[in-house]
Amino acid sequence: MAQQEVFASVLKEKRVFRPSKSFSKNSYVKSMREYKKIYRDSVKNPEKFWAEKALQLDWFRKWKKVLVKKGDFYKWFVNGKLNVSYNCLDRHIGAGNGSKTALIWEAEDGKVKKYTYSQLLKEVSRFANVLKKYKLRKKDRVCIYMPMIPELAISMLACARAGIIHSVVFGGFSSDSLKDRIIDSKAKLVITCDGSYRNGKVIPLKQNADLAVGKCRSVKKVIVVKRCGNRVKMKKSRDLWWHQEIAGKDIKDKFNAVSMDAEDPLFILYTSGTTGKPKGVLHTQAGYLLYAYQTFKWVFDVKDNDIYWCTADIGWITGHSYIVYGPLACGATSLMYEGSPMYPKPNRFWKIVDKHKVTIFYTAPTAIRALMKEGDKWPKSCSLKSLRLLGTVGEPINPEAWIWYYNVIGKKRCPIVDTWWQTETGGILITPLPGATPLKPGSASFPFPGIVADVLKENGKRAKPDEGGDLVIKKPWPGMLRTIWGNDERYKETYFGKFRHIYLAGDTARYDKDGYFWILGRSDDVIKVSGHRIGTAEVESHIVSHKAVAEAAVVPVPDAIKGWVIYAFVVLKRGNKESDRLKDDIIEHVAKHMGHIAKPEKVQFAEDLPKTRSGKIMRRILKAIAEGQEDVGNVTTLADPTVVDKLKRERIQ
Ligand code: WT7
């Protein structure tokens, strides 16, 4: 059963919610008529559309050709030169906005730090000079493993300024995951932090980084930000303190932004796929920047006096595109929060909204559901009157949570943009435009201008309304990934292998009779746990690496708060006894080696797994068992059909 159906059974919401006249009047795209016209023109000639939009950026040299195609590989703005950090900083200062607040940072303990565009440029330039001092050059890789502190954004922008490719690894990942990512990108330098705060506790990031870096020969230096003041070991001749380096007498305030080719790499961001090995999604300079810029501007309808807050972690693509690059490219004020939504109380988000007068708020359905569960008294204890627009991302939002968000947080006054996109797409592809689109709760609605989205059946034909099928994008767009780092073959096969020359998203979707898109969930071996993308193969290989485990299979099961959780079937090696302690140990093993977000919620021991005669594990059957379905479908192809009943009896509720 698709997640959407699980939730739809809770609340069938048929109303359509329109933006108020005053909202529409002041927005960039003011009506459906206007959207339809822009859309029609944009897809008739996407190159013309994007070339026009690209003129909004500052170029060191204009491009010669907007788009060049070679098989399934695309180049945008060929021969153009620019610098992303220049566009995010210098450009606004040049326009007289240097004293505008670029970043507001709130620490978990409530401390606030603000950076104007001029101050941010100075910090970024100084740190770019530190990177230069340690001989990092254009196209080198730097791995950033940090919590949500300003130095994270500063590091990214400093890399962009110097033409260095950054690879941010989410601070919640374990040392093993970090190690794999450093090895794959051959990073020369790692930037990390002594620790990070989460729910008032210190998480020792430097320790994890040490374990990883010890096994990576490419890494020459580690720069450490002092955040928590906890004791850390500093390895002589390798580890450097950020605050000491940045204060160096030889470090200047100015760093000339390096002129980058439009198609030079900007960053690598690893994400989970079908196989065990995470994919290094590669984004390049101009196309990515333009796409983040234009989508941020129109989807969040951002104006000069907005205070915009996206609650994602910068370790994911949402934070890259919609905390750092999109907002700063637009000259907006972007808020960054360090800690947990529940700390010290479940009204923390709403208190931050009131304190900083946040006008645009962007979060994940899982956070909305978790906060909704805490009761209305928390948001009701705050005013929330500064809010004018809300957004969601990461997974389908169930209509019940949508309505709560709309009524209780937005006070029926704020449109909600349900934005569908992926690490690979660089920015938002399917979304309402808040001043134009009548909203249907649970639907991401329509494609952004320039985006040709469709739903295809197995045979490659277009699905009929409500029929459902694979979500695909039929034309290239500037923000799309260019390849998988070091693996062109995997890029072609994963995204263009199923339907010729058509981008396969890996989601199942349908469109309704009015043309609204409804995303139903992943169609591959990826599980969205609290909106985080987890590869089943990766989790399985970590479970199997436990000394007591012979074999494992994991499947998703629906969860009211997290959307989906991981259910693991585990076969032990002979001589090991099943026990709750061993279960906990296996769960902890996954947390330690992969990260907390990948922990199985439920572990069921099994003597055997349902397999075909050729030895293939039948995950479809395991999924049905985990969900508690009476009828698990056809079992005749199984080598031993009797295993099914036993597994059904011992299912973990
Ligand atoms: C997958 C991509 C895009 C930034 C965060 C996640 C799911 C994302 C929505 C939405 C339904 C959504 C899809 C997609 N997803 N947004 N609004 N409605 N599903 O990036 O980690 O690369 O995950 O997230 O399944 O394929 P990601």
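Electrostatic tally near TRP378: other residues with Cβ closer than 10 Å to its Cβ, Lys and Arg +1, Asp and Glu -1, net +3. Between LYS226 and LYS616, the distance separating the two model label sites (each 7 Å from Cα on the Cα→Cβ line) works out to 5.8 nm.
Just in region 552-614: which trypsin sites (Lys or Arg not before Pro) are loop by DSSP and have at most 15 other Cβ atoms within 10 Å? Show your work: numbers first, answer last.
Details: sites: LYS562, LYS573, ARG574, LYS577, ARG581, LYS583, LYS592, LYS602, LYS611, ARG613; in loops: LYS562, LYS573, ARG574, LYS577, ARG613.
Loop-located and lightly packed - LYS573, ARG574, LYS577, ARG613.
Rounded to whole Å, the principal axis extents of the Cα atoms in region 71-133 read 52, 30, 27, largest first. Backbone amide hydrogens, once placed in the peptide plane, bring ASP524 within less than 5 Å of nothing, excluding anything fewer than 5 places away on its chain.
Net charge dipole, the chain: roughly 1920 debye, given to the nearest 20, about the Cα centre with Cβ charges of +1 for Lys and Arg and -1 for Asp and Glu.
Only helical runs count toward this figure. For the chain, summing -39,500 (n - 2.57) over DSSP H runs of n ≥ 4 and dividing by all residues gives -8000 deg cm²/dmol at 222 nm. According to the Kirkwood relation over distinct C-alpha pairs, the hydrodynamic radius of the chain is 25.5 Å.
Maximal additional length on extending the ASP512-ASP645 stretch stands at 44.0 nm, based on 0.36 nm per residue less the C-alpha distance. Here the gap between LYS65 and ILE183, fully extended at 0.36 nm per residue and compared with their Cα-Cα distance, gives a gain of 39.0 nm.
Tell me the trypsin sites (Lys or Arg not before Pro) within region 481-536 that lie in a loop according to DSSP and have at most 11 other beta-carbon atoms within 10 Å. Don't jump to the answer; show the numbers that get you there.
On the way: sites: ARG482, ARG490, LYS492, LYS498, ARG500, ARG510, LYS513, ARG522, LYS528, ARG533; in loops: ARG482, LYS498, ARG500, LYS513.
Sparse-neighbourhood loop trypsin sites (Lys or Arg not before Pro): ARG500, LYS513.
For the peptides 237-246, 216-225, residues were scored by their other Cβ atoms within 10 Å and the scores averaged per peptide; the highest-first order is 216-225, 237-246. Taking the alpha-carbon centroid of each part, what is the distance from region 12-82 to region 83-112 in angstrom? Using only Cα atoms to place each centre, the spacing works out to 25 Å.
Over all Cα atoms in region 147-291, the spread is summed up by Rg and Dmax: 15.8, 49 Å.
Hey, with R₀ at 56 Å, roughly what FRET efficiency would ALA548 and LYS21 work out to, going by the Cβ-Cβ distance, to 0.05?
Details: r = 64 Å, r/R0 = 1.15.
The formula returns an efficiency of 0.30 here.
Given 10 °C and 1.306 mPa s, compute D for region 292-442 with the Stokes-Einstein relation, Rh being the Kirkwood radius over Cα pairs; round to the nearest whole µm²/s.
Details: Rh = 15.2 Å.
Reported coefficient: 104 µm²/s.
In the structure shown, the pairs LYS44/LYS75; LYS53/LYS75; LYS573/LYS611; LYS100/LYS377; LYS133/LYS277; LYS440/LYS562 are assessed against 24 Å; a Cα-Cα span above that value is assigned to LYS100/LYS377; LYS133/LYS277.
Take every pair of alpha-carbon atoms less than 8 Å apart whose residues are at least six positions apart; their mean separation over the length of the chain yields a relative contact order of 14 percent.
I'd like the Kirkwood hydrodynamic radius of region 427-551, using the inverse of the mean 1/r over distinct C-alpha pairs, in Å. Write out the running numbers ahead of the final one.
Values: mean 1/r = 0.0609 Å⁻¹.
Final number for the Kirkwood radius of region 427-551 is 16.4 Å.
Convex hull volume of the C-alpha atoms in region 96-221, normalised per residue: 94 Å³.
Other residues lying with their Cβ under 9 Å from the Cβ of LEU638 contribute a combined charge of +1, Lys and Arg counting +1, Asp and Glu -1.
The Cα center of region 354-381 and the Cα center of region 269-283 differ in position by 31 Å.
Normalised radius of gyration for region 529-635, please: alpha carbon Rg relative to 2.2 N^0.38 Å, two decimal places. Can you show the working numbers first?
Values: Rg = 13.5 Å, N = 107, 2.2 N^0.38 = 13.0 Å.
Compactness ratio reported: 1.04.
The antiparallel fraction among DSSP beta bridges confined to region 57-197 stands at about 60%. Rounded to two decimals, the Cα-based Rg/Rh of region 361-493, with Kirkwood Rh, is 1.05.
Taken about its Cα centre, region 496-553 carries a charge dipole of roughly 140 debye when the Cβ of each Lys and Arg holds +1 and the Cβ of each Asp and Glu holds -1. Taking packing as the residue-averaged number of other Cβ atoms within 10 angstrom, the listed peptides 374-385, 334-345, 319-330 run from highest to lowest as 319-330, 334-345, 374-385.
Across bins of 5 angstrom width beginning at 0, how are the C-alpha pair distances of region 287-338 distributed, in whole percent? P(r) over region 287-338, rounded to whole percents: 5, 24, 35, 25, 10, 2. Ordering GLN653, VAL258, ALA639 by Cα displacement along the dipole of the chain toward the positive end leaves VAL258 in first place; charges were set at the Cβ atoms of Lys, Arg (+1) and Asp, Glu (-1).
What net charge is computed for the residues neighbouring VAL570, neighbours being all others with C-beta under 10 Å from the C-beta of VAL570, Lys and Arg scored +1, Asp and Glu -1? Can you show the working numbers first?
Values: positive: LYS583; negative: GLU540, GLU551, GLU578.
Neighbourhood net charge equals -2.
Under a Cβ-only charge scheme (Lys and Arg +1, Asp and Glu -1), can you give me the dipole magnitude of region 118-270 about the Cα centre, in debye to the nearest 20?
On the way: 31 positive and 15 negative charges, 135 e Å.
That gives a dipole near 640 debye.
Candidates TYR405, PRO365, GLY450 compared by Cα position along the dipole of the chain: farthest toward the positive end lies GLY450, with charges placed on Cβ. Farthest toward the positive end of the dipole of the chain, out of GLY248, GLY273, VAL590, is the Cα of GLY248, where the dipole comes from beta carbon charges about the Cα centre. In this label model, GLU52 and ASN407 are separated by 4.2 nm, measuring between points 7 Å along each Cα→Cβ vector.
Each reported figure results from applying straightforward, stated rules to the coordinates on display, with no laboratory input. This is a predicted model, so every value here is computed, not measured. Glycine gets a Cβ as well: all are built from the backbone with ideal geometry, and neighbour counts include every protein chain shown.
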